[in-house]
1. So which of 52, 36, 66 is modelled with pLDDT of 90 or more and within 10 Å of the chain's Cα centre (by Cα)?
2. Out of the residues in segment 31-61 that are without any contact (Cβ under 8 Å) to a residue 24 or more places away in the chain and assigned to a loop (DSSP other than H, G, I, E, B), which is nearest to residue 78 (Cα to Cα)?
3. Yes or no: segment 77-84 includes at least one residue that is surrounded by fewer than 18 Cβ atoms within 10 Å (Cβ to Cβ), at pLDDT below 90 and part of a loop (DSSP other than H, G, I, E, B).
């Protein structure tokens, strides 16, 4: 009887149900399809990938569009340091890729930058409360 149990396949996590998926915080975001040279482009890719991934909108088509957007963002970011001029076609391609991501359709707004100042009145509350 014991040998029979060892021959069976090990049980899968979640019982093998394909409808059971891990929480978005525990899933891995796919890497960019293109190598990015600048830190700004990697940060932009990671921010938008996390927003799309957490909203459940990361598909193969959106991953391709996001990678294309990040590559154009990378070209535009690296152009001044390389002594190149920024072409209008790069900006047009970047805008086209960004529009295909559908960021305006998401329920959540994009997070504020990490270096943004906090509002000094954010924790104040209301001065006159009714009792």
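The values are calculated or read from the model by the stated rules, or taken from the named source; none is laboratory data. Only a predicted model underlies this, so the values are computations on that prediction, with no experimental measurement involved. With ideal geometry, Cβ positions are generated from the backbone for all residues, glycine too; neighbour counts draw on all protein chains shown.
1. Details: 52 fails: modelled with pLDDT of 90 or more; 36 fails: within 10 Å of the chain's Cα centre (by Cα).
After ruling out the rest, the residue left standing is 66.
2. Among those that are without any contact (Cβ under 8 Å) to a residue 24 or more places away in the chain and assigned to a loop (DSSP other than H, G, I, E, B), it is 35.
3. The answer is no; no qualifying residue exists.
Let's see how each residue does on (1) part of a loop (DSSP other than H, G, I, E, B); (2) modelled with pLDDT of 65 or more; (3) touching a strand residue (DSSP E or B) at 6+ places or on another chain (Cβ under 8 Å):
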| residue | (1), (2), (3) |
| --- | --- |
| 93 | no, yes, no |
| 96 | no, yes, no |
| 100 | no, yes, no |
| 109 | yes, no, no |
| 116 | yes, yes, no |
| 119 | yes, yes, no |
| 126 | yes, no, no |
